[in-house]
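For reference, the structure is listed below as structure tokens.
The values are calculated or read from the model by the stated rules, or taken from the named source; none is laboratory data. These numbers were taken from a predicted model, which means no experiment stands behind them. Remember, those area values only see protein heavy atoms, side chains included, never the ligands or the DNA or RNA. Shrake-Rupley method; radii C 1.70, N 1.55, O 1.52, S 1.80 Å.
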Amino acid sequence: NRLVKNALALIISGGGTGVIGIAFWAVAARRVSAATVGRTSAEIAAMILLATLAQLSFGSTFERFLPIAGDSTRRLVTNAYLTCTSLGLILAVVYVWLGEGHRFLPSSLFWRGFFVVSVVLWTIFALQDSVLIGLRASRWVPVENILYSLAKLALIPLFVAVTRSNGVFVAWQVPVVLVIVVVNWFLFRRLVPEHQLISSPELLPSMRELIVLTGAQYSTLLITVISGSVTSLIVIDRLGAVASAHYYLPAQLTSGVAAALWSVNRSFLVEASAEPDRLALHARVAMRSGVTILVAAIVPGVIFAPWILEIFGHSYSQNGSTLLRLLLLCLPGNVVTAFYASFAWIDRKVWRLTVREIASAALFFALLFTFIGRFGILSIGIISLFSSAVQAVLFLPLLMKRYRRAMTQGSEALAHHGEPGGAESTSGN
């Protein structure tokens with residue numbers, strides 16, 4: 001099953017980069033102060049936030065429509081790159097000019113310019129993964145990401161020795177340049193031409209429909225970014241750099257598991273788009289895979305949370321274990337939302353998801369600003385768990401209804417194909 005193979009490749013990518021990411025932050029935490037880790041984590045969060053905003057939801061667009069783009073593949077990818085990098089440059093310059101990152105960005109013009117360039121590069125770095133996935137070449141994603149992760153880990157001692165205050169961020173960003181050059185050469189010289197030859201082009205949505213779809217997804221993306229990256233900025237603003245470090249590492253660990261779950265979801269969207277007649281099979285495989293990952297991650301994670309965080313140091317274990325447990329328990333509700341989002345893209349009805357996400361995010365931030373001063377970083381875990389439960393209540397009935405409809409359609413198609421004279425009658429075997 002191609003879905004399983006591609007999902008497994010993405011899970012290996014997420015798992016591999018997650019493990020190496022643990023090592024990265026463990027090395028960083030032992031070579032620089034907790035305050036430096038906190039400032040660097042906030043700088044990385046800001047960079048990823050701006051790059052994510054600059055992508056204009058083209059990641060989901062690639063995964064939904066590249067499988068059926070045919071001769072339009074190269075044009076779709078090139079136009080997306082140009083649009084998103086231009087927007088990334090504008091957003092980064094405005095962000096620095098307005099002084100939004102004054103609490104954690106270096107004051108020198110050189111390092112702020114380095115931050116701007118990093119946003120542009122990270123925009124391409126993130127988009128190229130979605131291009132690989134949309135071209136059904138997910139097997140190359142773990143190769144790219146794991147090599148990048150190993151490179152940034154190896155470079156920490158070197159760059160910390162050169163610049164102790166900025167070395168961790170430089171080590172994070174420098175390998176991106178080589179990865180972008182190699183991957184995009186491979187994409188445009190081999191994968192894109194091959195895909196244009198073998199793919200079966202279908203009628204892509206009109207420009208108006210595409211704008212509506214990407215607009216809805218972009219609105220949802222803004223909400224997700226606010227609930228993730230901006231939370232780091234709120235923590236460092238309200239609680240300080242040390243608390244930011246204690247929050248950031250449990251959040252990173254949880255996001256590694258979430259990335260594995262999203263890997264299944266992304267592979268499901270690509271395969272369902274490429275093979276709509278096998279939607280029932282792909283949905284069933286994706287659901288089972290998601291449940292397996294949840295059980296395998298949550299149970300040991302909740303039990304061994306203190307020992308896991310001890311890798312980074314005793315203060316992280318002492319201050320972050322309960323938060324890590326709470327964030328892991330949020331994952332089931334997030335999975336429900338993710339699979340509902342895939343069906344919404346398949347049905348081209350993304351605005352339903354957006355409206356419900358807005359309501360959930362409004363509740364999350366109302367509670368966060370109320371309780372963060374009282375409960376510190378634990379308030380994030382408590383509110384996230386509550387928000388996750390709300391998400392499950394909102395989306396689970398709709399998801400199960402759509403899933404049952406896919407199963408019914410699959411059964412009807414199977415019965416039709418098994419009839420004499422059907423499209424795949426076996427009477428001649």
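A 1.4 Å probe, protein heavy atoms only, puts the accessible area of ILE211 near 100 Å².
Let me cross-check HIS195: its accessible surface, 1.4 Å probe, with only protein heavy atoms counted, in Å² to the nearest 10? Result for HIS195: roughly 10 Å² accessible. Comparing ALA34, ALA26, ALA296 in a Gaussian network model of the chain (Cα springs below 10 Å), the most mobile by mean-square fluctuation is ALA296. Ranked from largest to smallest solvent-accessible area, with a 1.4 Å probe on the protein heavy atoms, ARG402, ARG75 come out as ARG75, ARG402. A viscosity of 1.567 mPa s and a temperature of 4 °C, combined with the Kirkwood radius over C-alpha pairs in the Stokes-Einstein formula, give region 1-123 a diffusion coefficient of 77 µm²/s.
Taking θ as phi - 60° and the Karplus parameters 6.51, -1.76 and 1.60, the scalar couplings of region 148-161 work out to 4, 5, 5, 5, 5, 5, 5, 8, 4, x, 5, 6, 5, 5 Hz in sequence order, x denoting glycine and proline.
For region 152-202, the alpha-carbon radius of gyration amounts to 1.82 times the rule-of-thumb value 2.2 N^0.38 Å expected for a compact globular protein. Reducing region 379-396 and region 315-366 to their Cα centroids gives an inter-centroid distance of 7 Å.
Using the Karplus relation 6.51 cos²θ - 1.76 cosθ + 1.60 with θ = phi - 60°, the per-residue 3J(HN,Hα) values for region 2-13 come to 4, 4, 5, 4, 5, 5, 4, 4, 5, 5, 4, 4 Hz, with x marking Gly and Pro. In the chain, the DSSP-assigned H stretches of four residues or longer account for a calculated mean residue ellipticity at 222 nm of -29000 deg cm²/dmol, using -39500 (n - 2.57) per stretch and the full residue count as denominator. The slack between MET407 and PHE369, meaning 0.36 nm per residue of separation minus the straight C-alpha distance, is 9.4 nm. Per-residue surface analysis assigns SER342 an accessible area of about 0 Å², computed on protein heavy atoms at 1.4 Å probe radius. Which of rounded, prolate, oblate describes region 277-377, given a ≥ b ≥ c as roots of the alpha-carbon gyration tensor eigenvalues and a/c under 1.5 marking rounded, otherwise prolate only if a/b is larger than b/c? Because a/c hits 1.5 or more and a/b fails to exceed b/c, region 277-377 counts as oblate.
Straight-line reach from LYS349: taking Cα to Cα under 27 Å and skipping same-chain neighbours fewer than 8 places apart, the lysines in range are LYS401. If the chain linking SER86 and ARG352 were pulled fully straight, counting 0.36 nm for each residue of separation and taking away their Cα-Cα distance, it would gain 92.8 nm. The 1.4 Å probe gives accessible areas that order ASP277, ASP347, largest first, as ASP277, ASP347. The alpha-carbon atoms of region 55-159 define a convex hull whose volume equals 112 cubic angstrom per residue. Listed values [x] 0.97; [y] 1.26; [z] 0.95 include one computed from this model; for Rg/Rh (Cα atoms, Kirkwood Rh) that value carries the label [x].
The stretch between SER107 and PHE188 holds 25.3 nm of extra length on full extension. This uses 0.36 nm per residue minus the Cα-Cα distance. Sorted largest first by accessible area at a 1.4 angstrom probe radius, with every protein chain in place, the residues VAL143, VAL270 fall in the order VAL143, VAL270.
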